[in-house]
Amino acid sequence: MLLSDKARNLVIEKYKNGNNHRLNHILGVAEMASFLAKKYNCDVEKALIASYMHDYSKYDDVSEIELVLSNEEIEECRKYPFLYHAYGSAYKYKEYFFDDFDEDVFNAIYNHVFGRPDMSLLEAIVMISDYTEKNREYPSCIECRNILLSGKFNEAICYSLEKTIEIVKKDGKNPHPRQLIVYNQYLKKVGKKMTLEEVLLNDLAKVKAEDILVYDMKGKSPFYDQMILASVSSERQAQAIVSYVTEDVLKEGYKVRSIEGINSPWVLIDCYDSILSVFTKEERQRFSLEKIYMDIPVKNINQ
C-alpha cells in the first residue's frame, strides 16, 4: 500500500460518521496538490500525504492537542487558535507515519494555514491548495484559483495572503507576525512591496504591541496622513521597535524623518506620511492621546 493510500484511509475513517463537507475539502486539497506537484515537479506522493493529513485534527479537542505541543506552541496557539488544528494534524502525521516520517511533509501540514518564511515548494503547494481547491466557493478563493490555474503560482500565494490578512484586520485583530513576513516575501517575488502601514504594523507585531489604533489624518493634518498609537509592556520593547522600523522602512523604500524618545517609555517615529507612537502601557495612560483624536476616523487593530 502506498503511504498516500494509508493517509487517505485514515482521514476517511476519521470523518466517516459525519462532516462530509470537511472530507470533501480534504479530498479537494489532495486533488489540487497532486495537480500542482505534477506541474511543478514536486513529489506527488508527499503532496498527497500532506494534503490528506492537513486537517486531520480540525475538530479535535484543544486540550488533547495541547498534550503533544511544546509550551511555546501552546502559548502561540492560545493567541492564534486557528493554528491548533495545523499543529495537531502535523503531530498526528508524525505518530501514524513514525517509521516513514518525512520532515518536509510534517512542515507542509504544520504550516499549511499561511506558510512560513522560506518555505519549501511542497509547503507552498499544500498551502495554496488548501485555499484554492474546487470546493472553495468564496469569491476571493475563486479569483485566487483562477490566478493559480493561469500559471501564476507566486501571484496566487501573494493574493491568498493579502485576502486572509484583510479578513483578520476586518475582525479587529492583528495578523500573525509570521504571516506578515511570508506576505512580504511574496510581494517581493511578484515585484510589489508592502504599504508603509503594513510595514509599521508588521514591526509592531514583532514586538507584540497591543491596543493598536490607526488614525486617518488625511485632511486633518498638513504634515502627515496617518497616526499610529500602540502599547508595549516594557521600555525594552519600545526600543526594539526603533531597530525594526529603521531597518524595515528603508528596506521597503520609505524614509524615516526623525526619532524621538530613544531610551524613554514613549518612542515617536516620524516616517513622513505616517507617525508611529509606541508607549509603555503606563505612559500611554498618563498622556491619553486618544482624547485628542476623539473625532478622527480610527481603525482598532487588536492582537
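What value, in deg cm²/dmol to 500, does the helix sum -39500 (n - 2.57) over DSSP H runs of n ≥ 4 give at 222 nm once divided by the residues of the chain? Don't skip to the answer; put the middle values down first.
On the way: 14 runs with 166 residues, N = 303.
Calculated mean residue ellipticity at 222 nm is -17000 deg cm²/dmol.
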**Report entry** Options S4, F106, S243, ranked by Cα towards positive dipole end of the chain, top entry (Cβ charges)
**Finding:** S243
Query - Dipole magnitude (debye, nearest 20) for the chain, charges at Cβ of Lys, Arg, Asp, Glu - result: 740
Report task. Just read off the accessible area of F223 with the full protein assembly in place, 1.4 Å probe, to the nearest 10 Å². Result -> 150
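Placing unit charges on C-beta atoms (Lys and Arg positive, Asp and Glu negative, everything else neutral), compute the dipole magnitude of the range 85-205 about its Cα centre in debye, rounded to 20. Walk me through the numbers on the way to the answer.
Values: 16 positive and 19 negative charges, 101 e Å.
In total the dipole reaches around 480 debye.
Counting only trypsin sites (Lys or Arg not before Pro) that sit in a DSSP loop (anything but H, G, I, E, B) with at most 16 other Cβ atoms within 10 Å, what is the longest stretch of the chain containing none of them?
Longest run free of exposed loop sites: 17-133.
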Query - Dipole of the chain [Lys/Arg +1, Asp/Glu -1 at C-beta], most positive-end residue of S63, A86, P177 - result: P177
Query raised in the report: Can you give the accessible area of D102, probe radius 1.4 Å, in Å² rounded to 10?
Result: 40
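Reported to two decimal places, what Rg/Rh ratio describes the range 171-229 when computed on Cα atoms with Rh from the Kirkwood expression? Walk me through the numbers on the way to the answer.
Values: Rg = 13.0 Å, Rh = 12.7 Å.
Expressed as Rg/Rh, it is 1.02.
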Query - P(r) tail fraction, the range 249-303 - alpha-carbon pairs more than 17 Å apart, % - result: 51
Query raised in the report: Kirkwood hydrodynamic radius (Cα pairs, Å) of the range 134-194?
Result: 12.1
Query raised in the report: With the dipole of the chain worked out from charges on the C-beta (+1 for Lys and Arg, -1 for Asp and Glu) around the Cα centre, which of G18, P297, V168 lies farthest toward the positive end?
Result: P297
Query raised in the report: Using only the Cα atoms of the chain, what do you get for the radius of gyration and for Dmax, in Å?
Result: 21.6, 69
Report task. For the range 149-303, state what percent of all Cα-Cα pairs lands in each successive 5 Å bin, counting from 0 Å until the bin that includes the largest distance. Result -> 2, 9, 18, 21, 21, 15, 8, 4, 2, 1, 0
Requested in this report: Whole number please: convex hull volume per residue, Cα atoms of the range 201-267, in Å³.
Outcome: 95
Query raised in the report: Taking a probe of 1.4 angstrom, what is the accessible area of H21 in Å², to the nearest 10?
Result: 130
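Once you compute Rg and the Kirkwood Rh from C-alpha atoms, what is the Rg to Rh ratio for the range 1-65?
Details: Rg = 12.4 Å, Rh = 12.2 Å.
Rg/Rh: 1.01.
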**Report entry** Loop chymotrypsin sites (Phe, Trp or Tyr not before Pro), the range 34-64 (other Cβ atoms within 10 Å of the site Cβ: 13 or fewer; DSSP)
**Finding:** Y40, Y59
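The values are calculated or read from the model by the stated rules, or taken from the named source; none is laboratory data. Just so it is clear, the model here is predicted, and its values are computed rather than measured. Cβ: placed from backbone, ideal geometry, glycine included. Neighbour counts: every protein chain shown. These accessible areas exclude ligands, DNA and RNA; they are computed on the full protein's heavy atoms, side chains included. Shrake-Rupley method; radii C 1.70, N 1.55, O 1.52, S 1.80 Å.
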